Amino acid sequence: MWERFRIPIMLAPTLAVIVFLFIGGLGYGLLVSLGWQPRIGQTQLSLEAYRSILFSEQHGPTFWSGLWLTLWVSIASTFLAASLAIASALLLRQTFIGKRAATFLFQLNLPVPHIVAAIGMLFLFSQSGLLSRIGAQMGLFSSPGDFPILVKDKFGMGMIFSFVWKEVPFIGVIVLAILQSLGADYEDLARSLGANAWQRFRHVIIPLVLPGVLSASILVFAFTFGSFEVPAILGVRFPRTLPVTAVRFFRDPDLNARAEGMAISIVISGIVFVLVVFYMWFSRRTIRQD
Amino acid sequence: MTKSPESPTKRRDRVARVLHGLAVALLIFALLAPLFAFLINAFAFRWFYPQLIPSEFSLRAWQSIFGPNSKVVGALWSSAAIAIGVTISSVIIGLPAARALGLYSFKGKRIVEFLILSPTIVPGIAVAMGLNINFIRWGLAGSHFGVALVHLVPVMPYVVLTLSGVFANYNPEFEEQARSLGAGPIATFRYVTFPAVFPGIVVASLFAFLISWSQYILTFLIGGGRVVTMPILLFSTSAGGNEALTAAMSLVFIAPAVLFLVLSSRFLSGKSGAIGGFGKV
Amino acid sequence: MTQVNLRHLRKLYPGAQIAAVDDLSLEVPSGRLIAFLGPSGCGKTTTLKMIAGLIPPSGGEITFDGQDVSAVPAEKRGAVMVFQNYLLFPYMSIGDNVGFGLKMRGEDKAVIKKRVGEMLELVKLPDIASRRPTQLSGGQQQRVALARALITNPNVLLLDEPLSNLDAHLRDEMRELIVSIQRDLEVTTIFVTHDQEEAVLLADQVALMFDGELKQYAAPEEFYQRPVSERAARFFGGVNFIPAERKAEQILTPIGDFSFQAANRETAPTGKANLTIRPEQLKLNEDGAANTVSGKVRSRIYVGTYTRYKILIGEYEVEVIRTADMPGDINEGDEVRVTFPADRMWLVEGG
C-alpha cells in the first residue's frame, strides 16, 4: 500500500535538511535583511538596509568597490584555473616516466583547506616570503620592500593565486577522468580521419571536456565569490570583498548594521545565483548549437 | 663508431618530450611549493631575510602545539568530532535519496535534483547568518551539534551526487535475486546492496569529511567563538605573527585530511561514477 | 513438488494504459516443466516475477498447492528465480553464492558446506567452490546459478530465459542438464523463453502469450498440429495460410477442395477461416494421392539438411520443406503436384 510513498520517504531526510536548514536559513535571512526583528517589535518590512549598503554615502563605496573586486577575483580565478586545469590534464594524460607519481602529486592538494592555501601563499609571495628570498639570492632584490606586493594587495592577486592553486587540481582531475574514459577512442577516430593535434584539440577534446569543465567552473565561481577566509587572510582594508564586509557588518552589535550585513549576504547569494543560472543557460545553448 | 644522424622527426620528438617533462616538473613544483614553505617555516627559529635556509632550527612550535597549554589538541578533537558526525549522518541521510535519484524517474525529479544541488551555487554565508539568529533562540548556537547541523548544508549535495552516480550504475535485480533466495530486507542490504555501493560510500565520506574539516565561516558564525575547530584556531594564529607556529599548526591540520585521501584513493579510480554526476549539474 | 495455480492474474503498471498481464489463468501440475512462450513484451517475465513474489499483482490470485500466496513475501515463498544474466553475487566466492539460500535460513556452516558440495556435483562443477564469479565462463555461471537456486529445495523453480545467453553447443548441454535435474528432483519448474524451439524441446506444456494474454496452453505438438490462431501459427514458423471455408469434413479453397480428416477436427473453427498446413507436411509428386493440386516451383533454397521450396498454386504461394531432396531433384520452374494430406491440415481464424 505504501508503495506509492516509497520515493518521497526516501527523499524526505535529505529534503528536510535542504528545506529547513538551507532554504529556511536563506528565507529567514532575507526577512532579517528586510528589517524583520520580531524580538524588538519590528515587523514592518523595509528596504532600508539595502538602500544603505547600495546607495548611502557611508557604505555605498564600500559595497561597490567590494563588488567589483569580488567579481574580478572570482572570474579571473575561475577562468585561469579552468584553462590551466585543461592544460595540466593534457600534460598528465600522456604516458611518460613518473606519470603515476606526477598524477598522484597533482591531486595532493585536494584535501588541503583553502585557509591553509591562503597561509601558504603568504609564506610564498609575501615580501619576506620564499620567492622574495630566492630572488634576493639571485641578486634581484636587496630588501623585502623591493619585492612587488603580490599578497595583501589592492587587486586581489594574492587571492587569485590562492584560488588558482587550489582549483587547478580540482578541475584538472575531472578533466583527466573524462579524457581517460572517453577521450582515447574519439581521438583515434579523428586521427584516422586526418585531424592533426590542434584540430583534435579543438574539435574532439574541447567539446568532450567542456561540459565537465563548465560544471566544475560553476562550483569554483560560486565558491570563490562567497569565500570569506581567503580574502580575510590575503586581502586589504580597502577594497574589501563583499563576504568580508558582510561578516564585519553582521557582527556589529548595532542591529541596523546586522541587517545591512545580512543584506549584503543576500545580495551576494542573489548575484551568484543569477550569474550561475545565466551561465548554465547560456552554455547549454552554445553546447547544443555545436 | 659512427652514430647515424638523427632524423628531424626524432629530434622534434625528443625536444617535445623534454619540454613536456619540464612542463610537468614545473606544474608539480608549483603545486608542492607551499608545502616546502610550510616545512621550512615550521622548524625555523631564526630566519632572517634574505636567507633561504633558517640559520637556526627549533622544535619550539611543535612543543607548543603538543604541550600542556596547547589549544591544538582540543581544536583537533572538535574538528574531528564534528567532521565524523557530519560524515556519518550525511551518508545515512543521503543514501536513500541517492538511491531514489539514481534508480528511478518520477515527476518533479529535476526540481528535486536542482534543490539538492542548490547549496553548491549559493554561498553559505547568507544561510549561516540566517540560521544564526534562530540557532541562538533554539540553543543550538555555540554548540558542536549546531555547528555539525550547519555543516550538513554544504555537504549534502556532494554526498547525494556521489552516491546517486553509484546507484545509476547499479543493477537492482541483484536484490530481487537475493530475495528470491530467501534474504529479507536487512540481509539483502548487507550482502548485496552495501558491498556494491561501498566504494561510493567511501568517496562520499571523503567529500563530507573534507568539507566539514575545512569549514571556517559556517563554524565561525554558528559556533560564536565557543566552538573552536582547527580552522578557527588557525585563523587567529595566522594573524598573530608567529610564523613557525602557524606553519606547524597548518601541517598538523592538513595531516588527517591528506591521510584520509591517501587511504581512500583506491576507490577514487572508479571516480567516473561520481564525476559523471558532476557532468549532470 | 508444488502445484501452482494462476487465476485471473493481472498486472497493470501505474500510469500504463494497457495491462502487462491480463486475466491469465492456468494450472501447473506439480513436478512438471512448463514454458511461458511469447515475443518480448508479452508479459511472460512479469508473470514469472509475480509468481516469485517480486512484483505484486494488480488482480487475481496465485496459489501454491491450493494456498493463496499473495500475502507471503518473496523471501519466504520458496519460489526461487534464476535471472537471465545469472546475477552471481560478485563479492562472494562460488561456494558462498551457492550456499546463500541456506545461510539466509540460518543453516549450520558444516551443513551448508556439505550441501554446496552436493549441488556443485549435481551441476557437474565440482571443486570450484573457492573461485570467484568473474573467473567463470557464461555456461559455468549459469550452472552455479542453478545450483544456488536448487539448494533450498524450492517449491517452484523459475527460470528467466535460461538458454538465451548461451551459444548453440552450450545450449544443448544446458538443456539436458535442466531436464535431467528437473526430472530427478521433481521440482515444479516454469521457464520463460521467446524461442519456440526451446519451449518445445524442454517443456511438458507450453503457455503461449501475446500482449499479456494467454492464447494457448497445451503440449508442444498442439502448436504444430492445431494452432489456435494465425498469429500463434506464425510464431511457430507456420507460413502457409489460404483463405478457406469449412463445410463439415470439407475445406473449400480457391485452389481446390480438400477433404478434412485431422484429429480432433470437431474443435476446429467452422465457416470462413484460413487453411493452414506446415511446410514440412506438404508432399510433392505423390502418385495417386487425394487432396492434390498442381503448382509451379518459384524458388528453391538448399539449406543442407533441408530444402525450402516456394510453389505457386493458382494465385497462392505455399512453402514446402523437404529433407531428403538433393539439388537437381526438383528445380525452379518445374511443374509439381502438391498434396495436402487430409489429416495434417488445420484451420485458424483470420488474423
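Do the conditions hold for C:TYR91, that is, is it assigned to a loop (DSSP other than H, G, I, E, B), touching a helix residue (DSSP H, G or I) at 6+ places or on another chain (Cβ under 6 Å) and either more than 13 Å from chain B (Cβ to nearest Cβ) or surrounded by fewer than 18 Cβ atoms within 10 Å (Cβ to Cβ) (or both)? Spell out how you get there, then give the answer.
Numbers: assigned to a loop (DSSP other than H, G, I, E, B): yes; touching a helix residue (DSSP H, G or I) at 6+ places or on another chain (Cβ under 6 Å): yes; either more than 13 Å from chain B (Cβ to nearest Cβ) or surrounded by fewer than 18 Cβ atoms within 10 Å (Cβ to Cβ) (or both): yes.
Taking the combined requirement at face value, the residue satisfies it.
A:ILE160 passes all but one of (1) closer than 25 Å to A:GLN58 by Cβ; (2) at pLDDT 90 or above; (3) more than 10 Å from every other protein chain (Cβ to nearest Cβ); which number fails?
Of everything listed in (1) closer than 25 Å to A:GLN58 by Cβ; (2) at pLDDT 90 or above; (3) more than 10 Å from every other protein chain (Cβ to nearest Cβ), A:ILE160 misses just condition (1).
Residues being under 14 Å from B:TYR216 (Cβ atoms) and more than 10 Å from chain B (Cβ to nearest Cβ): count how many of those fall in segment A:206-241.
Going through segment A:206-241 one residue at a time, the tally reaches 2.
Could you pull out the residue among C:GLU245, C:GLU230, C:GLU222, C:GLU249 that is closer than 15 Å to C:ALA268 by Cα, surrounded by fewer than 19 Cβ atoms within 10 Å (Cβ to Cβ) and under 15 Å from the mean Cα position of the chain (by Cα)? Give the steps one after another, and end with the answer.
Numbers: C:GLU245 fails: under 15 Å from the mean Cα position of the chain (by Cα); C:GLU230 fails: under 15 Å from the mean Cα position of the chain (by Cα); C:GLU249 fails: under 15 Å from the mean Cα position of the chain (by Cα).
Of C:GLU245, C:GLU230, C:GLU222, C:GLU249, the one residue that is closer than 15 Å to C:ALA268 by Cα, surrounded by fewer than 19 Cβ atoms within 10 Å (Cβ to Cβ) and under 15 Å from the mean Cα position of the chain (by Cα) is C:GLU222.
Which ones in segment C:62-83 are touching a residue at least 60 places away in the same chain (Cβ under 8 Å), within 9 Å of chain B (Cβ to nearest Cβ) and either more than 13 Å from B:SER180 (Cβ to Cβ) or part of a helix (DSSP H, G or I) (or both)?
Passing the criteria: only C:ARG77.
Find the strands (runs of 3 or more DSSP E) located wholly in segment C:245-351 whose residues include 1 or more that are of a type in the set (Phe, Trp, Tyr), and list them. Give the steps one after another, and end with the answer.
On the way: elements: C:250-253, C:256-259, C:271-276, C:292-302, C:307-313, C:316-322, C:335-339, C:346-348.
Filter on segment C:245-351 gives C:256-259, C:292-302, C:307-313, C:316-322, C:346-348.
Tell me which of these C:VAL82 doesn't satisfy, since it passes every other one: (1) of a type in the set (Val, Ile, Thr); (2) surrounded by 14 or more Cβ atoms within 10 Å (Cβ to Cβ); (3) out of contact with any strand residue (DSSP E or B) (no Cβ under 6 Å at 6 or more places or on another chain).
For C:VAL82, the exception is condition (3).
Let's see how each residue does on (1) out of contact with any helix residue (DSSP H, G or I) (no Cβ under 7 Å at 6 or more places or on another chain); (2) closer than 25 Å to B:VAL228 by Cβ; (3) acidic (Asp, Glu); (4) within 11 Å of another protein chain (Cβ to nearest Cβ):
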site: B:ARG11; (1), (2), (3), (4): yes, no, no, no
site: B:GLY21; (1), (2), (3), (4): yes, no, no, yes
site: B:ALA44; (1), (2), (3), (4): no, no, no, yes
site: B:ALA81; (1), (2), (3), (4): no, yes, no, no
site: B:ILE84; (1), (2), (3), (4): yes, yes, no, no
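Residues B:SER272, B:SER264, B:SER238: which one is at pLDDT below 95, surrounded by 21 or more Cβ atoms within 10 Å (Cβ to Cβ), among the polar types (S, T, N, Q) and touching a helix residue (DSSP H, G or I) at 6+ places or on another chain (Cβ under 9 Å)? Can you show your working first?
Working: B:SER272 fails: surrounded by 21 or more Cβ atoms within 10 Å (Cβ to Cβ); B:SER264 fails: surrounded by 21 or more Cβ atoms within 10 Å (Cβ to Cβ).
Being at pLDDT below 95, surrounded by 21 or more Cβ atoms within 10 Å (Cβ to Cβ), among the polar types (S, T, N, Q) and touching a helix residue (DSSP H, G or I) at 6+ places or on another chain (Cβ under 9 Å) holds for just one of B:SER272, B:SER264, B:SER238, which is B:SER238.
Does A:PRO243 satisfy the condition of being assigned by TED's automatic domain parsing to the domain that holds A:LEU210 and buried (at least 21 other Cβ atoms within 10 Å of the Cβ)? Spell out how you get there, then give the answer.
On the way: assigned by TED's automatic domain parsing to the domain that holds A:LEU210: yes; buried (at least 21 other Cβ atoms within 10 Å of the Cβ): yes.
Taking the combined requirement at face value, the residue satisfies it.
Restricting attention to segment A:135-149, which residues are part of a helix (DSSP H, G or I) and closer than 18 Å to B:ILE53 by Cα? Spell out how you get there, then give the answer.
Taking segment A:135-149 first, the residues part of a helix (DSSP H, G or I) are A:135-137, A:144-146.
Of everything in segment A:135-149, those that are part of a helix (DSSP H, G or I) and closer than 18 Å to B:ILE53 by Cα turn out to be A:GLY135, A:ALA136, A:GLN137, A:PRO144.
Pull up segment C:185-203, narrow it to residues that are part of a helix (DSSP H, G or I) and surrounded by 22 or more Cβ atoms within 10 Å (Cβ to Cβ), then point me to the one that is nearest to the chain's Cα centre (by Cα). Explain how you work it out, then say what you get.
Step one: of segment C:185-203, the residues part of a helix (DSSP H, G or I) are C:185, C:196-202.
Narrowing the set further to residues that are surrounded by 22 or more Cβ atoms within 10 Å (Cβ to Cβ) leaves C:199, C:202.
Details: C:ALA199: 3, C:LEU202: 8 Å.
Ranking the candidates gives C:ALA199 first.
Does at least one position in segment A:99-113 carry a residue that is touching a helix residue (DSSP H, G or I) at 6+ places or on another chain (Cβ under 6 Å), closer than 30 Å to B:LEU39 by Cβ, more than 7 Å from chain B (Cβ to nearest Cβ) and not in a loop (DSSP other than H, G, I, E, B)?
Quick first cut of segment A:99-113, residues touching a helix residue (DSSP H, G or I) at 6+ places or on another chain (Cβ under 6 Å) only: A:102-103, A:105-107, A:109-113.
When the remaining residues are screened for being closer than 30 Å to B:LEU39 by Cβ, the result is A:102-103, A:105-107, A:109-113.
Those still in the list that are more than 7 Å from chain B (Cβ to nearest Cβ) too: A:103, A:107.
The next check asks that each one be not in a loop (DSSP other than H, G, I, E, B); those that pass are A:103.
Yes, the conditions are met somewhere in segment A:99-113.
So C:ALA324 passes all but one of these: (1) surrounded by 14 or more Cβ atoms within 10 Å (Cβ to Cβ); (2) under 30 Å from the mean Cα position of the chain (by Cα). Which condition number does it fail?
(1)
Checking the conditions here, which among B:ILE121, B:ILE88 is in the same structural domain as B:ALA204 (by TED's automatic domain parsing) and touching a helix residue (DSSP H, G or I) at 6+ places or on another chain (Cβ under 6 Å)? Before the answer, list the steps.
Numbers: B:ILE88 fails: touching a helix residue (DSSP H, G or I) at 6+ places or on another chain (Cβ under 6 Å).
Just one listed residue meets the conditions, B:ILE121.
Starting from residues that are more than 8 Å from chain B (Cβ to nearest Cβ) and of a type outside the set (Gly, Ala, Ser), keep the ones in segment A:32-42 and report whichever is nearest to A:SER265 (Cα to Cα). Reasoning before the result, please.
If we filter segment A:32-42 for residues that are more than 8 Å from chain B (Cβ to nearest Cβ), which is where we start, we get A:33-42.
Checking the rest, the ones that are also of a type outside the set (Gly, Ala, Ser) come to A:34, A:36-40, A:42.
On the way: A:LEU34: 12, A:TRP36: 16, A:GLN37: 17, A:PRO38: 20, A:ARG39: 22, A:ILE40: 22, A:GLN42: 21 Å.
The residue in question is A:LEU34.
This table checks each residue for (1) among the hydroxyl-bearing types (Ser, Thr, Tyr); (2) farther than 23 Å from A:PHE228 by Cβ; (3) modelled with pLDDT under 95.
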| position | (1), (2), (3) |
| --- | --- |
| B:ALA83 | no, no, no |
| B:SER89 | yes, yes, no |
| B:LEU103 | no, yes, yes |
| B:GLY108 | no, yes, yes |
| B:ILE111 | no, yes, yes |
| B:SER118 | yes, no, yes |
| B:ILE121 | no, no, yes |
| B:GLY130 | no, no, yes |
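Given the residues A:ALA184, A:ALA195, A:ALA190, A:ALA259, which is the only one that is among the small types (Gly, Ala, Ser), more than 20 Å from the chain's Cα centre (by Cα), buried (at least 24 other Cβ atoms within 10 Å of the Cβ) and assigned by TED's automatic domain parsing to the domain that holds A:GLU167?
Values: A:ALA184 fails: buried (at least 24 other Cβ atoms within 10 Å of the Cβ); A:ALA195 fails: buried (at least 24 other Cβ atoms within 10 Å of the Cβ); A:ALA190 fails: buried (at least 24 other Cβ atoms within 10 Å of the Cβ).
Sole residue among the options that is among the small types (Gly, Ala, Ser), more than 20 Å from the chain's Cα centre (by Cα), buried (at least 24 other Cβ atoms within 10 Å of the Cβ) and assigned by TED's automatic domain parsing to the domain that holds A:GLU167: A:ALA259.
Please list, ordered by first then second residue, the pairs with beta carbon atoms under 7 Å, 6 or more apart or interchain, first in segment B:75-87 and over 26 Å from B:SER64 (Cα atoms), second not hydroxyl-bearing (Ser, Thr, Tyr).
So the pair list comes out as B:GLY85/B:ALA148; B:VAL86/B:ALA148; B:VAL86/B:HIS151; B:VAL86/B:LEU152; B:VAL86/B:VAL155; B:VAL86/B:ALA208; B:THR87/B:ALA208; B:THR87/B:PHE209.
Check segment A:252-260 and report whether any residue there is farther than 22 Å from A:PRO61 by Cβ and part of a helix (DSSP H, G or I). Working first, answer last.
If we filter segment A:252-260 for residues that are farther than 22 Å from A:PRO61 by Cβ, which is where we start, we get A:253, A:255.
Of the ones still in play, those that are also part of a helix (DSSP H, G or I) are A:255.
Yes; the residues of segment A:252-260 include at least one that is farther than 22 Å from A:PRO61 by Cβ and part of a helix (DSSP H, G or I).
Condition first: within 14 Å of chain B (Cβ to nearest Cβ), among the β-branched types (Val, Ile, Thr) and part of a helix (DSSP H, G or I). Can you find one or more residues in segment A:182-205 that meet it?
For segment A:182-205, residues within 14 Å of chain B (Cβ to nearest Cβ), among the β-branched types (Val, Ile, Thr) and part of a helix (DSSP H, G or I): absent.
Which numbered condition in (1) loosely packed, with under 12 Cβ neighbours inside 10 Å; (2) modelled with pLDDT of 90 or more; (3) under 27 Å from B:GLY184 (Cβ atoms); (4) not basic (Lys, Arg) is the only one that C:GLY106 fails?
(2)
Every residue in segment A:75-95 that is touching a helix residue (DSSP H, G or I) at 6+ places or on another chain (Cβ under 8 Å), surrounded by 14 or more Cβ atoms within 10 Å (Cβ to Cβ) and facing another protein chain (nearest Cβ under 9 Å), please.
If the condition is that a residue be touching a helix residue (DSSP H, G or I) at 6+ places or on another chain (Cβ under 8 Å), surrounded by 14 or more Cβ atoms within 10 Å (Cβ to Cβ) and facing another protein chain (nearest Cβ under 9 Å), then A:LEU84, A:SER88, A:LEU91, A:LEU92 are the ones that fit.
Look through segment C:15-24, keep the residues that are of a type outside the set (D, E, K, R) and over 17 Å from the mean Cα position of the chain (by Cα), and return whichever of them is nearest to C:THR2 (Cα to Cα). Give the steps one after another, and end with the answer.
As a first pass, look at segment C:15-24 and keep what is of a type outside the set (D, E, K, R): C:15-21, C:24.
Now narrow it down to the ones that are over 17 Å from the mean Cα position of the chain (by Cα): C:15-21.
Numbers: C:GLY15: 35, C:ALA16: 33, C:GLN17: 34, C:ILE18: 31, C:ALA19: 28, C:ALA20: 26, C:VAL21: 23 Å.
So the residue we want is C:VAL21.
Within segment B:28-46, track down each residue that is of a type in the set (A, V, I, L, M, F, W, C) and in contact (Cβ under 8 Å) with a residue 12 or more places away in the chain. Walk me through it before giving the result.
First pass over segment B:28-46, keeping only residues of a type in the set (A, V, I, L, M, F, W, C): B:28-33, B:35-40, B:42-45.
Within segment B:28-46, B:ALA37, B:PHE38, B:LEU39, B:ILE40, B:ALA42, B:PHE43, B:ALA44, B:PHE45 qualify.
Pick from C:GLU245, C:GLU335, C:GLU249, C:GLU286: which is among the acidic types (Asp, Glu) and touching a Leu at 6+ places or on another chain (Cβ under 6 Å)? Before the answer, list the steps.
Details: C:GLU335 fails: touching a Leu at 6+ places or on another chain (Cβ under 6 Å); C:GLU249 fails: touching a Leu at 6+ places or on another chain (Cβ under 6 Å); C:GLU286 fails: touching a Leu at 6+ places or on another chain (Cβ under 6 Å).
When all the criteria are applied, what remains is C:GLU245.
The values are calculated or read from the model by the stated rules, or taken from the named source; none is laboratory data. Owing to the predicted nature of the structure, the values given are computational and were not obtained by experimental measurement. Positions of Cβ are backbone-derived with ideal geometry, glycine not excepted, and every protein chain shown enters the neighbour counts.
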